[in-house]
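Here, each number is a calculation from the coordinates, and none is a lab measurement. Remember, it's a predicted structure, so these values are computed and weren't measured experimentally. Neighbour counts are summed over all protein chains in view; Cβ atoms, including those assigned to glycine, are modelled from backbone coordinates with ideal geometry.
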Amino acid sequence: MTSAPQLSAVPLYTAEHAADPQLSFTRLRQQGPVGLAEIDPGVLVWVITDYRAALDLLHDQSGLWTKDTRGWMEHVPADSPVMPMLQWRPSLFFADGQEHAHLRRVITDSFALLDPRHVRDTTMRHADTLLAEFSHAGRADLVSQYARRLPLMVLNTSSGSPTTPHPSSSTRSRR
């Protein structure tokens, strides 16, 4: 009988990872559709590296997998910097089954109230504004100057909030 190979957790919190995250992601993919990562010293997580595996996980109704982090939070040191991000709270992101369906329905029903033509026009107006900000330079970081900002601007307009985000919100969205 052969035993399963021992996986070595890929650290995702080191200076090496920050300098070359693609190397870390390559190492995770080499482990297969599910890789073992360390997100803080001693805090191990499974990372889905394959599209099909992600779909299987997201569509799983068996209850084997859960978004509820309360079952393993005892393994995360209280002073760990990942604690605030992973700590359970009552929200769509930490709910399964009927609770998740209920919370998702609230969001879906809210978006259904939006006029698609208005959303399209708002999106085009904000896209034009963002493009005008950097088009004269001849080059841009499309993620930070466009892709991160456009959805927030459209959602803010749709909800009646200011379209200019607070400076700290752009920092938060990068994490």
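Each residue of region 85-93 was assigned a 3J(HN,Hα) from its phi angle through the Karplus curve 6.51 cos²θ - 1.76 cosθ + 1.60 (θ = phi - 60°); the sequence is 6, 9, 5, 4, 8, x, 8, 4, 6 Hz, with glycine and proline shown as x. Across region 14-25, computed HN-Hα scalar couplings (Karplus, 6.51 cos²θ - 1.76 cosθ + 1.60, θ = phi - 60°) run 8, 5, 4, 5, 4, 6, 8, x, 4, 4, 4, 5 Hz from first to last residue, x flagging Gly and Pro.
Quick one: length gained pulling residue 163 to residue 106 fully straight, 0.36 nm per residue minus the C-alpha distance?
18.2 nm
Note on residue 67/residue 19: beta-carbon distance plugged into 1/(1 + (r/R0)^6) with R0 of 25 Å gives a FRET efficiency of 0.20.
Given Cβ point charges of +1 (Lys, Arg) and -1 (Asp, Glu) and nothing else, what value in debye, to the nearest 20, does the dipole of region 10-65 about its Cα centre take? Could the numbers behind the result be given before it?
Numbers: 3 positive and 7 negative charges, 28 e Å.
Using Cβ point charges on Lys, Arg, Asp and Glu, region 10-65 gives about 140 debye.
Computed on the chain, with alpha-carbon pairs under 8 angstrom and 6+ residues apart, the relative contact order is 11 percent.
For the chain, a crude dipole built from +1 on the beta carbon of Lys and Arg and -1 on the beta carbon of Asp and Glu, taken about the Cα centre, is about 440 debye to the nearest 20. Applying 1/(1 + (r/R0)^6) with R0 = 45 Å to the Cβ-Cβ distance of residue 86 and residue 127 gives a FRET efficiency near 0.85. Note on the chain: helix-only mean residue ellipticity at 222 nm, from DSSP H runs of 4+ residues weighted -39500 (n - 2.57) and normalised by residue number, equals -13500 deg cm²/dmol. Would you work out which of 127, 86, 64 lies farthest towards the positive end of the dipole of the chain? Charges go on Cβ: Lys and Arg +1, Asp and Glu -1. Of 127, 86, 64, it is 127.
How do 154-160, 85-91 rank on mean C-beta neighbours within 10 Å, highest first? Could the numbers behind the result be given before it?
On the way: 154-160: 14.3, 85-91: 11.9.
Top of the packing list down: 154-160, 85-91.
With a Förster radius of 25 Å applied to the beta-carbon distance between residue 98 and residue 46, the computed FRET efficiency rounds to 0.50. Of [x] 20.3, 65; [y] 31.4, 92; [z] 16.3, 49, which is the value of Rg and Dmax of the Cα atoms in Å derived from the coordinates here? The calculated read-out lines up with [x]. Evaluating 6.51 cos²θ - 1.76 cosθ + 1.60 at θ = phi - 60° for every residue in region 142-151, the Karplus couplings come out as 5, 6, 6, 8, 9, 5, 6, 8, 4, x Hz, glycine and proline recorded as x.
Pairs of Cα atoms nearer than 8 Å and 6+ residues apart set the relative contact order; for region 10-65 it is 27 percent.
Can you tell me the order of 71-83, 102-114 when each peptide is scored by its average per-residue count of other Cβ atoms within 10 angstrom, highest first? Kindly include the intermediate steps, with their values, before the conclusion.
Working: 71-83: 12.1, 102-114: 10.5.
Packing proxy ranking, top to bottom: 71-83, 102-114.
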